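Beneath this line is the structure, given in structure tokens, with notes to follow.
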Protein chains: 2
Amino acid sequence: MPRAADPTVAASLVEAAARLLATEGPAALSTRRLAREIGASTMAVYTHFGGMDDLVRAVVRAAFDHLAAELDRVPVTDDPLTDLAQLGLAYRRNALADPHLYLAMFGPHPDLPYQPTEADRVHGLRTFTTLVQAVQRCLDADPLAPAAGTPDAAGRIAAQVWAAAHGAMTLELAGFLDDDGATFTATTLAVLVGVGLLPDNPSQ
Amino acid sequence: MPRAADPTVAASLVEAAARLLATEGPAALSTRRLAREIGASTMAVYTHFGGMDDLVRAVVRAAFDHLAAELDRVPVTDDPLTDLAQLGLAYRRNALADPHLYLAMFGPHPDLPYQPTEADRVHGLRTFTTLVQAVQRCLDADPLAPAAGTPDAAGRIAAQVWAAAHGAMTLELAGFLDDDGATFTATTLAVLVGVGLLPDNPSQ
DNA sequence: CACGATACATAGCACCGTTATAACCATGGG
DNA sequence: CCCATGGTTATAACGGTGCTATGTATCGTG
């Protein structure tokens, strides 16, 4: 066996890329800048990753893992509807904490040198399972809900909740909303009411 | 007076940029490529626009105008709920017709040399008025709707509908959904039910 | 210990956006 | 009618990008 690659170099690259993306935006992501940042040459990007796009891919996957961990930190209580609300807030908090990274997660990304592959999407959908489970707990707690019993009800409802939250989040980050998350919560709540998981006149 | 700028050159640049963006993606947008495309030098981008970013800005504004025209083409009938559904379908059709352009409209865009300004957002929100008017017609037709009467009900509801549609559209374009628009229609319908514009058990 | 495969550094290629310079040319004033 | 004015345009260059070819250093194995 030949010389082994220094795993700390790869980790440093991912860390530096995520940090530069967060603090200076995608424009700061360049092989030379990264090399300078970690005290190596630009070749490090090509030996440890195939190129710039695979490095960004690793950053995005790490971002999905981070989001999944944040969502898993939301405690599971005996009120699954409150759990769902907390998941939504955690989702928005994660996006606001690092908008560039959040936007990088949801390609196709015009100018980031990264086009998500099918494997990337499968990996990203893993984050989705926490939400599906929470929806399933809501359906279990309320067997009279209209959707309960239909095939893959939890998955389909979770997809709608995710779409609503993601849409409001994207519009907010783009600057089209300026309501401190009011549309975010209103939209996700409206979806929950619409699918029958929340009563028409929620007391909260 | 000196030599006047040829307006056809500016129009050709916007047309070529939109075409290249649609057919080859944002990576094909370069001053040299555009100059070759319209048979001029790269300076054309800088005399007619301030630079690459202002050219993309013009393309995005044209895209918003195109979307607004598409939405305005949806006929106004005596069934405002059907009108809303048709607006949603037109919105999705427009996005699927040119995904790159659609994504370019909703910055902040990582790698496109274009950061939307406040003026751009105001311009983009003009597209929004058609949706707000359709929601208002729904509220007028159903004075018993829960939200009717609250301040700016149409605007707030329209924002939620837009967020839901945009979120489902973005996820679909990113490849996270593969259901031919099922989540798109389900999410927007759920929001309409949630805000009280549609009955719980829509007959359709 | 020596071999060979691999990590890494250097230098270079083709491309990018942008800009300085100079030539061009349509126009308004004399 | 002619000419000076000044924006338009082309050319060339600067610093930057991703990436690759080449050479060297370094490690794991036999």
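Some observations on this one:
- The alpha-carbon positions of the range B:117-204 define a convex hull whose volume is 110 Å³ per residue.
- Isotropic mean projected area of the C-alpha convex hull, the range A:1-50 (nm²): 3.5 nm²
- Choice from B:PRO151, B:PRO26, B:PRO116 with maximal GNM fluctuation in chain B (Cα, 10 Å cutoff): B:PRO151
- A:TYR102, B:TYR46, reordered so the largest accessible area comes first (probe 1.4 Å): B:TYR46, A:TYR102
- Per-selection metrics, the protein assembly as shown (Cα): Rg and Dmax in Å: 23.0, 78
- With label points defined 7 Å past Cα in the direction of Cβ, position A:THR129 shows copy-to-copy spacings of 5.0 nm, given to one decimal and shortest first.
- Of the listed residues B:ASP152, B:ASP53, the order by accessible area with a 1.4 Å probe, largest first, is B:ASP152, B:ASP53.
- Across the identical copies, how the B:LEU144 labels are spaced - nm, sorted shortest first, 7 Å along Cα→Cβ: 2.1
- Label-zone membership for the range A:39-60, site A:ASP6, 7 angstrom Cα→C-beta point, backbone N under 18 Å: A:39-49
- When the range A:61-194 is described by a simple charge dipole with +1 on each Lys and Arg Cβ and -1 on each Asp and Glu Cβ, the residue from A:VAL161, A:LEU125, A:MET105 located farthest towards its positive end is A:LEU125.
- Longest DSSP-loop-exposure-free segment, trypsin sites (Lys or Arg not before Pro), chain A, at most 15 other Cβ within 10 Å: A:127-204
- Radius of gyration over Kirkwood radius for the range A:1-131, both on Cα atoms: the Rg/Rh ratio is 1.04.
- Computed over neighbours whose Cβ is under 14 Å from that of B:ALA97, the net charge equals +1, Lys and Arg +1, Asp and Glu -1.
- Label-point distances for B:THR77 to the equivalent site in the other copies, using a point 7 angstrom along Cα→C-beta, read 4.5 nm when ranked shortest first.
- Taking every C-alpha pair closer than 8 Å and separated by at least 6 residues, the mean separation divided by the residue count of chain A gives a relative contact order of 17 percent.
- Size of charge dipole - the protein assembly as shown - debye, nearest 20, with Cβ of Lys, Arg +1 and Asp, Glu -1, no other charges: 1280 debye
- Using the alpha carbons alone, the radius of gyration of the range A:44-119 stands to its Kirkwood radius in an Rg to Rh ratio of 1.10.
- Helix screen, chain B: DSSP H segments with Cα axial length of 24 Å or more and mean Kyte-Doolittle hydropathy at least 0.5 are B:7-24, B:153-174.
- Among B:ALA190, B:ALA40, B:ALA22, the largest mean-square fluctuation in a Gaussian network model of chain B, built with springs joining Cα atoms closer than 10 Å, belongs to B:ALA40.
- The distance linking the range B:23-92 with the range A:1-77 is 34 Å (Cα centroid to Cα centroid, whole angstrom).
- Note on B:154-160: average number of Cβ atoms from other chains within 10 Å of each residue's Cβ is 4.
- Rg and Dmax [Cα atoms of the range B:62-194; Å; Rg one decimal, Dmax integer]: 15.0, 48
- In Å², nearest 10: area of A:LEU87 left accessible to a 1.4 Å probe: 20 Å²
The values are calculated or read from the model by the stated rules, or taken from the named source; none is laboratory data. Being a predicted model, the structure only gives us computed values, none of them experimental. Every residue, glycine as well, gets a Cβ built from its backbone with ideal geometry; the counts of neighbours run over all protein chains shown. Surface areas here come from the heavy atoms of the whole protein model, side chains and all, with no ligands, DNA or RNA. Shrake-Rupley method; radii C 1.70, N 1.55, O 1.52, S 1.80 Å.
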